[in-house]
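See below for the structure under consideration.
The values are calculated or read from the model by the stated rules, or taken from the named source; none is laboratory data. This one's a predicted model, so the numbers in the text were calculated from it and none came from an experiment. Cβ: placed from backbone, ideal geometry, glycine included. Neighbour counts: every protein chain shown. Accessible surface areas use protein heavy atoms only, side chains included; no ligands, DNA or RNA. Shrake-Rupley method; radii C 1.70, N 1.55, O 1.52, S 1.80 Å.
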Amino acid sequence: MQNDDKKIIIKTLELFKKYGVKSVSMDDIAKALAVSKKTLYTHFDSKDLLIEKTICYIFTEHFSKIDRILEKKLSPLQKIILIYRYGINQMVSYDPAFYFELKKYHVSAHKHYEEYKNNIIFKTILGLLKEAQEVNEIKQDVNLNLFCEIHLFKIDEILADPEFNTQYSTQQMLNHLVVHNLRGIVIDTSVID
């Protein structure tokens with residue numbers, strides 16, 4: 001990614017986090033960057049493309065953080081908890097309109113978002129759950145794919161609700177959305193305490 005493109009994406013992301021996607025125009029982005037709209041369009045020929053590239057940037061950052069967590073000498077379940085603590089903190093830092101508007105108005109960017117989310121849940125997290133099951137930290141009769149579908153797949157939609165995510169602390173949300181559910185499938189709860 002070119003340095004100028006990255007600057008544009010980072011500034012765009014700041015605006016999206018604060019105001020959502022729909023209400024931020026290319027004029028707003030150009031003004032925030034102190035460049036002309038024409039200059040902005042030489043880097044990104046449409047708002048849709050800029051949104052897509054912003055989603056890709058967000059998840060590149062997420063994957064980088066997740067990789068650092070995966071390198072830690074912790075149990076697979078502890079890694080899952082750290083990944084979700086990071087994820088919850090990220091989700092609540094965005095204006096809730098960001099997720100709803102992305103889904104409603106920017107189908108292509110939302111498709112990328114869902115692909116990245118699926119990668120995290122059904123590759124990284126599911127892989128860690130399988131690893132924990134192999135070392136007998138998780139009951140053998142648990143269908144881990146189903147666990148991910150039921151307990152982890154819709155967390156982002158729950159967190160996008162401003163009445164929910166402003167009412168509880170990050171730790172409370174982490175405990176009730178992830179940790180307590182993990183306790184139901186582990187053999188010895190001390191591995192996640």
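Looking at Lys111, Lys130, can you tell me which residue is without any contact (Cβ under 8 Å) to a residue 24 or more places away in the chain and touching a Pro at 6+ places or on another chain (Cβ under 9 Å)?
Result of the check over Lys111, Lys130: Lys130.
When the residues of the range 38-76 are narrowed to those that are surrounded by 14 or more Cβ atoms within 10 Å (Cβ to Cβ) and among the basic types (Lys, Arg), which ends up farthest from Ile125 (Cα to Cα)?
Once the filter is applied, the top-ranked residue is Lys47.
Quick check on this structure: which one of Tyr94, Tyr84 is assigned to a loop (DSSP other than H, G, I, E, B), on the phi < 0 side of the Ramachandran plot and open to solvent by less than 30 Å² (accessible area, probe 1.4 Å)?
Details: Tyr84 fails: assigned to a loop (DSSP other than H, G, I, E, B).
Only one candidate passes the filter, namely Tyr94.
Filter the range 113-124 down to the residues that are open to solvent by less than 60 Å² (accessible area, probe 1.4 Å) and over 12 Å from the mean Cα position of the chain (by Cα), then identify the one that is farthest from Leu82 (Cα to Cα).
Phe122
What's the number of the only condition in (1) at pLDDT below 95; (2) open to solvent by less than 60 Å² (accessible area, probe 1.4 Å) that Lys79 fails to meet?
(1)
Determine the pairs where a residue that is of a type in the set (Lys, Arg), located within the range 11-34, has a partner that is part of a loop (DSSP other than H, G, I, E, B) and crowded, with 16+ Cβ neighbours inside 10 Å with Cβ atoms under 9 Å apart, the partner being 6 or more residues away or on another chain.
Lys17/Tyr94; Lys17/Asp95; Lys18/Val24; Lys18/Tyr94; Lys18/Asp95; Lys22/His106
Quick one: would you say Asp28 is open to solvent by 10 Å² or more (accessible area, probe 1.4 Å) and part of a helix (DSSP H, G or I)? Can you show your working first?
Values: open to solvent by 10 Å² or more (accessible area, probe 1.4 Å): yes; part of a helix (DSSP H, G or I): yes.
Yes, satisfied.
Tell me yes or no: at least one residue of the range 32-46 is modelled with pLDDT of 95 or more and in contact with a Lys or Arg (Cβ under 6 Å, 6 or more places away or on another chain).
For the range 32-46, residues modelled with pLDDT of 95 or more and in contact with a Lys or Arg (Cβ under 6 Å, 6 or more places away or on another chain): present.
Which members of the range 141-185 meet the condition of being β-branched (Val, Ile, Thr) and either touching a strand residue (DSSP E or B) at 6+ places or on another chain (Cβ under 6 Å) or open to solvent by 20 Å² or more (accessible area, probe 1.4 Å) (or both)?
Across the range 141-185, the qualifying residues are Val142, Ile150, Ile158, Thr166, Thr170, Ile185.
Would you mind stating whether Tyr86 is without any contact (Cβ under 8 Å) to a residue 60 or more places away in the chain, among the hydroxyl-bearing types (Ser, Thr, Tyr) and farther than 23 Å from Lys7 by Cα?
Considered against the rule, which asks whether it is without any contact (Cβ under 8 Å) to a residue 60 or more places away in the chain, among the hydroxyl-bearing types (Ser, Thr, Tyr) and farther than 23 Å from Lys7 by Cα, Tyr86 comes out as yes.
Out of everything in the range 9-24 that is assigned to a loop (DSSP other than H, G, I, E, B) and open to solvent by 40 Å² or more (accessible area, probe 1.4 Å), what residue ends up being nearest to Tyr105 (Cα to Cα)?
Lys22
Are any of the residues in the range 93-102 without any contact (Cβ under 8 Å) to a residue 12 or more places away in the chain and within 17 Å of the chain's Cα centre (by Cα)?
No, every residue in the range 93-102 fails to be without any contact (Cβ under 8 Å) to a residue 12 or more places away in the chain and within 17 Å of the chain's Cα centre (by Cα).
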